[in-house]
1. Isolated Cys in the chain by the 4.7 Å beta carbon test?
2. If you take the beta carbon distance between THR177 and ASP256 as r and set R0 to 41 Å, what does 1/(1 + (r/R0)^6) give as a FRET efficiency, to the nearest 0.05?
3. Tell me, how many Å apart are the Cα centres for segment 198-269 and for segment 276-300?
4. Kindly flag which residue pairs out of LYS130/LYS176; LYS127/LYS176; LYS130/LYS333; LYS127/LYS331 have an alpha-carbon separation exceeding 25 Å in this structure.
5. Let me have the relative contact order for the chain, percent, based on Cα pairs under 8 Å that are six or more residues apart.
6. Please work out how much length the chain gains when fully extended from LEU337 to ALA43, using 0.36 nm per residue of separation minus the C-alpha to C-alpha distance, in nm with one decimal.
7. Determine the sum of side-chain charges near TYR171: Lys and Arg each +1, Asp and Glu each -1, restricted to other residues whose C-beta is under 11 angstrom from that of TYR171.
8. Could you calculate the FRET efficiency of ASP269 with LYS130 from 1/(1 + (r/R0)^6), where r is the beta carbon distance between them and R0 is 56 Å, rounded to 0.05?
Amino acid sequence: MSTNLAQQLSARDIPTHRLFNIFSKLRLILVAGLLLLPQVLAAQWNATVGAESNDLARQDLAFLPNEIWIHAGDSITWSVTAAEPHTVTFLTDGQIRPPFNVGCPGFSAGSATFDGTSCITTGILSKGEKFTVVFPVTGNFKLVCLIHEDMTGIVHVLAPSQPLPHDQEFYDRLAKTESSALLADRDAAKPKHQHSQNGVAVGGGEIVATGAGSDTLSVMRFSDPVITVRAGDTVEWTNEDSTTAHTVTFGTEPQDPVPPSSNVTLDPDGARHGLLNSTSDSVHSGFLQAAPQDRVGLAQASPGVTRFRVTFSKPGIYPYICALHDGLGMKGKVVVLP
Ligand SMILES: [Cu+2]
């Protein structure tokens, strides 16, 4: 090859290399663009968890709203807006519901991805805390709170080509409407169902169905915060909430609030019974809770213990609390006259 021809060839090669470089760069930009595109298009949705009255007595145990339609790749951030604690949990279909302190097992903090194949849950979320879930694949996913059994919802994850029925503004409005309707519900303050003259209703509640699941209103109060009786009388507390557990606790709070204290006996009708001989004595009802709903394919649940009786032998003033909800103001007092 003559020097001249070699020079000509290399002169022709230069533009080819340049073209190749330009194409490489274009390809890189294209690939980066395709990779970034879903993130640019992916929407960030917001929803709330729980709501409450100003005095904290009435608690919405609900996802507000409890039904949301999004696209695959979108994420939803749930913000807790009430003092009652909740979890944001997606179990897998068929998974046995775990206790809230066990989790999936295990917990996620801040954010997680859910595609229906493995469980995700937060630990206990307090007021002001947030949790974001990314939904990369299509499907209809049930949302639950591991603390409150009748607090459920659904996230519908559609393919990006499908139209979405609502925008964020719609969900904000729906959350507000649902929340205030629940909080305003007066059915939960039912007439007392006690057969005893000295009866106190412990809480009250109502489960409200939507197309996506259940919202619950729980009233975290004793119906008669102060009740006056005579020495020798017995006061009877009845949990009238459809789902929420409460306790009646005099004196020292036990470490484990679930079982009754050892000085509690069982009446023939299944109610628990304590005796207080002094204002400095302690007695604890344990969880008073309605039996859970029965379901086909599951063993029948035993009747729940909803009643607690305390006999007061001596005059005095006996303050008590619900060990679960005293922070929300669930406290009472028994005045025992001679
Ligand atoms: Cu309570």
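Quick note: the coordinates plus some simple rules give every number you see, no bench work behind them. Since we're looking at a predicted model, the values are computed, not measured. Backbone-built Cβ (ideal geometry, glycine too); neighbour counts: all protein chains shown.
1. CYS145, CYS322 - these cysteines have no disulfide-compatible partner (Cβ-Cβ under 4.7 Å) in the chain.
2. It comes to 0.55.
3. 8 Å
4. Numbers: LYS130/LYS176 18 Å; LYS127/LYS176 17 Å; LYS130/LYS333 37 Å; LYS127/LYS331 21 Å.
The pairs that break the limit, which is 25 Å between Cα atoms, are LYS130/LYS333.
5. It comes to 15 percent, rounded to a whole number.
6. On the way: separation 294, 0.36 × 294 = 105.84 nm, distance 6.41 nm.
Contour length minus Cα-Cα distance gives 99.4 nm.
7. Every neighbour counted, the sum reads -3.
8. Calculated transfer efficiency: 0.75.
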